[in-house]
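Following: one structure in structure tokens, then a few remarks.
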Amino acid sequence: MTATAPAARDRAAGPVLPRSRGELSRTVRQALTRPAGTPLPRRVTAAHADPYGDDLQLALYLCYELHYRGFAGVDPEWEWEPGLLRLRAELEERFLSALRADVGPPRKAEEALADLLVEPVDGDGPSHFLTERGELWQFREYAAQRSLYHLKEADPHAWVIPRLTGRAKAAMVAVEYDEFGAGRAERVHARLFADLMADLDLDTAYGRYVDTAGAQMLTSVNLMSLFGLHRALRGALVGHFAAVETTSSPGSRRLAQGLRRVGAGPAAVHFYAEHVEADAVHEQIVRRDVVGGLLEAEPSLDADIAFGIDATEWTENRLGNHLLTSWRDGRTSLRTPLRPAVSS
Ligand SMILES: [Fe+2]
Ligand SMILES: [Fe+2]
């Protein structure tokens, strides 16, 4: 397709293309620097790639971002380019089949939801670490990585709305309405997160920290794009949403407490404080009406909802272990350390 005036305008805006991390991501990246429709620069296969590795996950992230905000200088028509979609399907297949094998046997949504409510007695996640002994630099690393999702918070979940009906749809939209600020731009959760980043002396530009984020964070954000973009995975997407909303409130309480302890500014504390209250309510709505409504309308999706919950937990635990291992060793959890905060 030829470039139209709006397409030309789109090319000027957006985040900078991240650097490649291997042959798959190099192939996608190079393609995106050319006009849409140009054949991919080389034939590549995902058959032997590490499904959770930097290269495959970055290649997938590049493909998915075309559905969100794209990249500066990249032809927006790449979003629906058949050659790239074929490669994306191969990357997704490798990722999804690895997840299905690693997450464990199929089970009922009720069982997976019940497990989410059991907080470990001696908590061992990043939010526990950060509350008890996190230092400012570790909070900054946490926020920089999490910005890959939080600067588009709730966007991947919005894709499920046309795929739901009745009670599930009404409840999903009610929660998303809150996530998107309930009609007030300054209350959009992605905006609250940008305010948190500014308080921590981080760059708030969308996509700014992709190059420094590890494969574990890319995996976490790609999981929701994968579930969001496929109608066939709508059950898993609802499971993902349920897992996020259910675990958010206690984790947010800890993070708000930790940020106060290290003397972070009010906007940094506010993002998590807001989620303590909001997500306690969201959790109830999602469990009762989104999950309950979907199960009522489509009982055959039960195992898919459980898979979405379990895959979310699995990828989050992997990310958490990476953060904790790095920090306990006194090392950065990022690919390249952040420049120090001006105030520190
Ligand atoms: Fe939120
Ligand atoms: Fe929420």
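The values are calculated or read from the model by the stated rules, or taken from the named source; none is laboratory data. Keep in mind it's a predicted model, so treat the numbers as computed, not measured. Ideal geometry is used to build each Cβ from the backbone, glycine not excepted, and the neighbour counts take in all protein chains shown. The accessibility values were calculated without ligands, DNA or RNA, using every heavy atom of the protein model including side chains. Shrake-Rupley method; radii C 1.70, N 1.55, O 1.52, S 1.80 Å.
Things to note:
- Within the chain, helix-based [θ] at 222 nm, where runs of 4 or more DSSP H residues each add -39,500 (n - 2.57), nearest 500: -19500 deg cm²/dmol
- For the pair the range 17-36 and the range 292-329, the centres of their Cα atoms are 29 angstrom apart.
- Carbon plus sulfur fraction of accessible area for the chain, probe 1.4 Å, in percent: 53
- Within the range 305-344: backbone nitrogen closer than 12 Å to the Arg133 label point (7 Å, Cα to C-beta): 327-330
- Counted residue by residue at 0.36 nm each, then reduced by the alpha carbon distance between them, the extension gain from Ala174 to Ala198 reaches 5.8 nm.
- Segments 328-339, 45-56 sorted - mean Cβ within 10 Å per residue, highest first: 45-56, 328-339
- Per residue, the range 108-328 exposes an accessible area of 38 Å² to a 1.4 Å probe, with every protein chain left in place.
- Ligands, DNA and RNA are left out, and with a 1.4 angstrom probe the accessible area of the range 6-101 is 47 Å² per residue.
- Across the chain, C-alpha contacts under 8 Å between residues 6 or more apart give a mean separation that, scaled by the residue count, equals a relative contact order of 22 percent.
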